[in-house]
Amino acid sequence: MLEKLKGIILKYVDADPAAVTPEARFVEDLGFNSYDFMCMVGEVEEVFDVEVQERDAVKIKTVQDALHYIESLQ
Amino acid sequence: MIYLCRLPDPFSDCVPGGRRLLAHAAAFGLLEAGLRAEYGLDSGRLWFERGDCGKPALAGFPDIHFNFTHCAGLAACAIAPAAVGIDAERVGPRREPVMKRAYTQEERLWIERSPDPDEAFFRLWTLKESFVKAVGEGLGYGLQRVPIVLGDGPRVSCGRKGFHFSQRILWGTHVVSVCTGPVPAGAADRTGMEEELAWNKTDG
């Protein structure tokens, strides 16, 4: 699942692929802005066939947070 | 005052992450230059702190507010005597999932009926973002809670008393929006806040 999410992440930010680790923070480490993040959430919904609630999305700070959240929806 | 500079994409694309690093450095450089020009502050003597929701602030100077933004090809910074938020985006194809999540039905209709729906999409997005950044809450505030009304003229309203917006479309490719909150009573400098901050644009 990490590799799949990593592929999505790298479509939205100009980051070093090696930097996309579970511990990486979306804003501080990977350089996401709000728009990139919202777009990525939309693609995550499509690719993983889940529905992300906005109140949950804003609590996701790291790649690991996102993986745990997606797993909890599946 | 609002400070903007255009960023050279080809140069910063040489290394992974280079575009982001260059944009961040440029935005910080604009802040340093602005603080020096407006307040005579030397960046070497400044400390930065973060508010409850992570919004950066200048430690020891509660009357000086600032905010950054950067996107592909542009970095910007706003400095004001009241809460301020700034957001910039390069206009591209509008995205339907974001439309559904962030915009009210009235806003979606306004976008679709606009002569340039993609530009309209980013005009609204940056206005909403500038507001939630001004109040210091970011996306957690809920973008649908910031209904933007754009008239035929230059006036923009979000239904919140004391908040003023300003917007520029630059080079036909980028949209930049700024929101300033109510100026605290007793703030040392109220110049220009009743209408809009001045724009200081640098090419290259």
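The sole residue among B:GLU89, B:GLU112 that is assigned to a helix (DSSP H, G or I) and either open to solvent by less than 20 Å² (accessible area, probe 1.4 Å) or away from chain A (no Cβ under 12 Å) (or both) is B:GLU112. Only a single criterion out of (1) more than 10 Å from every other protein chain (Cβ to nearest Cβ); (2) under 23 Å from B:GLY172 (Cβ atoms) is not satisfied by B:MET99, namely (1). In the condition set (1) away from chain B (no Cβ under 11 Å); (2) open to solvent by 50 Å² or more (accessible area, probe 1.4 Å); (3) without any contact (Cβ under 8 Å) to a residue 40 or more places away in the chain; (4) not in a helix (DSSP H, G or I), A:VAL50 is compliant with all but (2).
Here is a yes/no grid of residues against (1) away from chain A (no Cβ under 12 Å); (2) open to solvent by less than 10 Å² (accessible area, probe 1.4 Å):
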{"position": "B:ALA23", "(1), (2)": "no, yes"}
{"position": "B:SER43", "(1), (2)": "yes, no"}
{"position": "B:TRP47", "(1), (2)": "yes, no"}
{"position": "B:ALA59", "(1), (2)": "yes, no"}
{"position": "B:ALA72", "(1), (2)": "no, no"}
{"position": "B:ALA83", "(1), (2)": "yes, no"}
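To keep it simple, each residue is scored yes or no on (1) at the interface with chain B (Cβ under 10 Å from one of its Cβ atoms); (2) open to solvent by less than 20 Å² (accessible area, probe 1.4 Å); (3) not hydrophobic (A, V, I, L, M, F, W, C).
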{"residue": "A:LYS4", "(1), (2), (3)": "no, no, yes"}
{"residue": "A:TYR12", "(1), (2), (3)": "no, no, yes"}
{"residue": "A:ALA24", "(1), (2), (3)": "no, yes, no"}
{"residue": "A:TYR35", "(1), (2), (3)": "yes, yes, yes"}
{"residue": "A:CYS39", "(1), (2), (3)": "yes, yes, no"}
{"residue": "A:GLY42", "(1), (2), (3)": "yes, yes, yes"}
{"residue": "A:GLU45", "(1), (2), (3)": "yes, no, yes"}
{"residue": "A:ASP65", "(1), (2), (3)": "no, no, yes"}
{"residue": "A:GLU71", "(1), (2), (3)": "no, no, yes"}
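Contact annotation: residue pairs with Cβ atoms under 8 Å, 6 or more positions apart or on different chains, pairing a residue in region B:123-150 that is β-branched (Val, Ile, Thr) and open to solvent by 10 Å² or more (accessible area, probe 1.4 Å) with a partner that is at pLDDT 80 or above and part of a loop (DSSP other than H, G, I, E, B), are B:VAL135/B:ALA83; B:VAL135/B:GLY181. Would you say B:LYS201 is in contact with a strand residue (DSSP E or B) (Cβ under 8 Å, 6 or more places away or on another chain), surrounded by 14 or more Cβ atoms within 10 Å (Cβ to Cβ) and modelled with pLDDT under 70? So B:LYS201 fits the description; yes.
Could you list, in sequence order, all residues of region A:14-29 that are farther than 16 Å from B:LEU139 by Cβ and out of contact with any Lys or Arg (no Cβ under 6 Å at 6 or more places or on another chain)?
As a first pass, look at region A:14-29 and keep what is farther than 16 Å from B:LEU139 by Cβ: A:14-24, A:29.
Passing the criteria: A:ALA15, A:ASP16, A:PRO17, A:ALA18, A:ALA19, A:THR21, A:PRO22, A:GLU23, A:ALA24, A:ASP29.
The values are calculated or read from the model by the stated rules, or taken from the named source; none is laboratory data. Every value quoted in this text rests on a predicted model; they were computed, and no experiment measured them. Neighbour counts run over all protein chains shown; Cβ positions are idealised from the backbone, glycine included. The accessibility values were calculated without ligands, DNA or RNA, using every heavy atom of the protein model including side chains. Shrake-Rupley method; radii C 1.70, N 1.55, O 1.52, S 1.80 Å.
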